[in-house]
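The values are calculated or read from the model by the stated rules, or taken from the named source; none is laboratory data. Keep in mind it's a predicted model, so treat the numbers as computed, not measured. We place every Cβ from the backbone using ideal geometry, glycine too, and count neighbours over all the protein chains shown. These area figures cover heavy atoms from the full protein model, side chains too; ligands, DNA and RNA do not enter into them. Shrake-Rupley method; radii C 1.70, N 1.55, O 1.52, S 1.80 Å.
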Amino acid sequence: MSQQVPAPARSGWRRGPRALAGVAALLAALIVVPVIRLLASDGAAALAPGFYLPQRAGEVLTYRLGGSLRATVELRLASRGVVAGVPTLSFEQLGTPTSTILPFGLSGGTVRIDGDTVVRTAEGGTVRDLAGPVAPGRRWSDVRHTGAAGGTGGTFTVAEDRTLLGPASLDEPYGHLDRCLVVAVSSRATSAGGSVSAAGATLWYCEGVGLARAVLRGGAAGDTIDLVAVR
């Protein structure tokens, strides 16, 4: 039997020379639950986290960004191999202004599949996008320290919490995706001066493509990321 949960609020990110501070604020304080259809007990079992990533080097994923930052972003899987015994993927962003800093790895970077954990490089450290065992209610947290964008001084401590809400199916402009994991993200960005900002997101990671949808909370309202093509 399928289960319906209330739809999430949506919101976004900022751009410009202080984009990093905006992204830090974006990844925080989420009180949001997406509309998802949990797989029935006799449905397909969830795979290990490493399967919820692009699989072919050279593959290009095209995303549509909605809300305050309307744009199309292309992310290419530049390489996929093994580094020091750990499967490693390298991504590069294509055709987007460098002044735009995007969340969740859409600006490029490196992802490692460390056992049952997907670890992504991020400003000031690393973030675990997915962590096994894959089961609804699984929670994990990461803390990193970032500097203000553009060398303007100041630092932020970003504490992120993630909760796996469950396996789900998803309909995107790209098509129907049956095997996806839904992750709620909440975080707090604390500056050296003591100010605190908060935002968050709900993310869908799908088998063989990685991030397929994001609904953002914090900053401007109505920001989304949707997968529209893979080539």
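Brief remarks follow.
- Among (1) out of contact with any Gly (no Cβ under 6 Å at 6 or more places or on another chain); (2) farther than 26 Å from residue 74 by Cβ - the single one residue 155 does not satisfy: (1)
- Boolean, residue 69 is modelled with pLDDT under 90, surrounded by 14 or more Cβ atoms within 10 Å (Cβ to Cβ) and within 19 Å of the chain's Cα centre (by Cα): yes
- Among the residues of the stretch 176-189, those identified as open to solvent by less than 50 Å² (accessible area, probe 1.4 Å) and either of a type in the set (D, E, K, R) or under 18 Å from residue 155 (Cα atoms) (or both) are 187, 189.
- Flag if residue 85 is small (Gly, Ala, Ser) and in contact (Cβ under 8 Å) with a residue 12 or more places away in the chain: no
- Just one of the numbered conditions (1) surrounded by fewer than 19 Cβ atoms within 10 Å (Cβ to Cβ); (2) free of Cβ contacts under 8 Å to residues at least 12 places away in the same chain is not true of residue 119: (1).
- Condition broken by residue 112, with the remaining ones in (1) charged (D, E, K, R); (2) under 29 Å from residue 230 (Cα atoms); (3) open to solvent by less than 70 Å² (accessible area, probe 1.4 Å) satisfied: (3)
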